[in-house]
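Following: one structure in structure tokens, then a few remarks.
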Amino acid sequence: MIDTLITSKTRVKLLLKFFLNPGNAAHLRGLETEFGESSNAIRLELNRLEKANMLLSQQEGNKKLFKVNSSHPLYSEINSIVRKYFGLDVIVNNIASRLGDLDSVYLTGDIAEGKDTGIIDLALIGKVDRTYLSQLVEKAEKLVNRKIAYLVYSPEEWMKNNHQQTVLIWNA
């Protein structure tokens, strides 16, 4: 969907990387390795996004670190588009809102870092009916055309074991 509107695959990757999780920050060389693309193509798109004030940068030694400008007037709209691209709106509507005693849902894994690997990793915090959850996940996978992997935590387990990058996508 988004690749139809934005023809630069590099720009799409950058938007996914930075706008899905405002905590993401990256250097040009790291993006080159992550995307498997030439540094020139990435640099060109980074400069365009920075010129439009969608990305902010700062020097770290001899490297330039980029991160999203979450104060940009279009930030929330682009974030919403990126979430829809991944099907997160469908997941929230079909899974989180129907499970009963659920406290929150987080994105984890590669997708929380803005990498589209085709798998959506979720952490669900609260008490849920795992059989019903499995049925809902199966339906949601068909709707978003992606595999959904999930782990269920009690709030206490989540506080003790959460040492990874996450993005909150639903909260009671």
Label-point gap, in nm, between V92 and D116 - each point 7 angstrom along Cα→Cβ: 2.0 nm
Within the chain, helix-based [θ] at 222 nm, where runs of 4 or more DSSP H residues each add -39,500 (n - 2.57), nearest 500: -13500 deg cm²/dmol
L74/A149 FRET efficiency (R0 22 Å; Cβ-Cβ; nearest 0.05): 0.10
Portion, in percent, of the accessible area of the chain that falls on carbon or sulfur, probe 1.4 Å: 50 percent
Relative contact order for the stretch 37-172, counting Cα pairs under 8 Å that sit 6 or more residues apart, in percent: 23 percent
Label-point gap, in nm, between S39 and A172 - each point 7 angstrom along Cα→Cβ: 5.0 nm
Most mobile listed residue (G109, G100, G23) in the chain, GNM with C-alpha springs under 10 Å: G100
Angle between the chain longest axis and helix 130-144 axis [Cα atoms, degrees, rounded to 10]: 40 degrees
Net charge contributed by nearby residues that have their C-beta within less than 10 Å of D101 (K/R +1, D/E -1): -1
Pairwise centroid distance, computed over Cα atoms, of the stretch 96-138 with the stretch 39-92, Å: 25 Å
Nearest-0.05 FRET efficiency for K51 and K9, computed from C-beta distance (R0 30 Å): 0.90
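The values are calculated or read from the model by the stated rules, or taken from the named source; none is laboratory data. Small disclaimer: the values here were computed from a predicted structure and weren't measured. Cβ atoms come from the backbone with ideal geometry, glycine included; neighbour counts cover every protein chain shown. Just the protein is used for accessible areas: all its heavy atoms, side chains included, with ligands, DNA and RNA removed. Shrake-Rupley method; radii C 1.70, N 1.55, O 1.52, S 1.80 Å.
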